[in-house]
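The next block holds one structure in the form of structure tokens; read it before the comments.
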Amino acid sequence: VDDLGYSLTICQELAAYQQPLNLAVIPGQTYSRKCAELIKASPHQLLIHFPWYSLGWKAKRKYPIRIDPKMSTENIQAMLTRAIESVPNANGINNHMGSTMSEDPRALGIFFESLGKFKNSKYFLDSKTSRRSKAYPTARRWQVPAAQNNAFLDGVQNAEYIQRQFQIAVKQAEATGSVIAICHGSRPVTRRVLKKLMSQYNSAVEFVYLPEI
């Protein structure tokens, strides 16, 4: 569940879910640290939802902690340090946006090499915002535990659409053994439908934390 850190109320709502959730907080936002503390005190997994430079990037000022592939090694390392400090004790990292960054081998190499040097190791989830993303294989090359997103559930804020995407993800899990699906906690229709669907499918699939995948 991406895009947390703007509202403490939303984090409280999601942290109260009974089924396992993987909750991703954008660093450098008003409630990033408080959301991180709340999620860490819950049973759920905490991730850093790291803004990466994307095609059509128009809102840099919204993301004081972000990575541009043109940054120097020192700047990429500094942004990684700031992200970890803003969302303390996170178990993993996934990228927010980032089509340009996720296709850049040089910047990815610097990022994952730097990530591997931190004392508390973190896993990485490639959000797959680009079909040409090189983030997952690069993470594995640097021996960072990694996985890839398989489905976006809520590209349209419509209950029927989200339910249909959820059903597709369930069928994929049944066929292949597991599936990773991303949705966005900042979207009200998503939160309402997600809780209902997770209860509905609780006996059909096992909801798990990312490290289990």
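The values are calculated or read from the model by the stated rules, or taken from the named source; none is laboratory data. Not measured: the values here are computed from a predicted model. Cβ coordinates were reconstructed from backbone atoms using ideal geometry, including for glycine residues, and neighbour counts include every protein chain displayed. Each accessible area value is taken on the protein alone, full model and side chains, heavy atoms only, with ligands, DNA and RNA left out. Shrake-Rupley method; radii C 1.70, N 1.55, O 1.52, S 1.80 Å.
Which cysteines does the chain leave without a neighbouring Cys Cβ under 4.7 Å?
Among the cysteines of the chain, those whose Cβ sits 4.7 Å or more from every other are C183.
Which one of Y53, Y136, Y161 has the biggest mean-square fluctuation once the chain is modelled by GNM with Cα springs under 10 Å?
Y161
Which of the pairs K171/K195; K40/K119; K34/K117 have their Cα atoms more than 21 Å apart in this structure?
Violating the 21 Å limit, Cα to Cα: K34/K117.
Given all pairs of different Cα atoms, what value in angstroms does the Kirkwood hydrodynamic radius of the chain take?
17.3 Å
If you line up the long axis of helix 105-115 against the longest principal axis of the chain, both from Cα atoms, how many degrees apart are they, to the nearest 10?
For 105-115 against the chain, the angle is about 80 degrees.
Quick one: how many Å² of R132 are accessible to a 1.4 Å probe, rounded to 10?
We get 150 Å² for R132.
So which residue, out of F118, F152, F50, gets the largest mean-square fluctuation from a GNM of the chain using Cα contacts under 10 Å as springs?
Of F118, F152, F50, the most mobile in the Gaussian network model is F118.
Quick one: helix 159-176 against the long Cα principal axis of the chain, what's the angle to the nearest 10°, folded into 0 to 90?
It works out to around 80 degrees.
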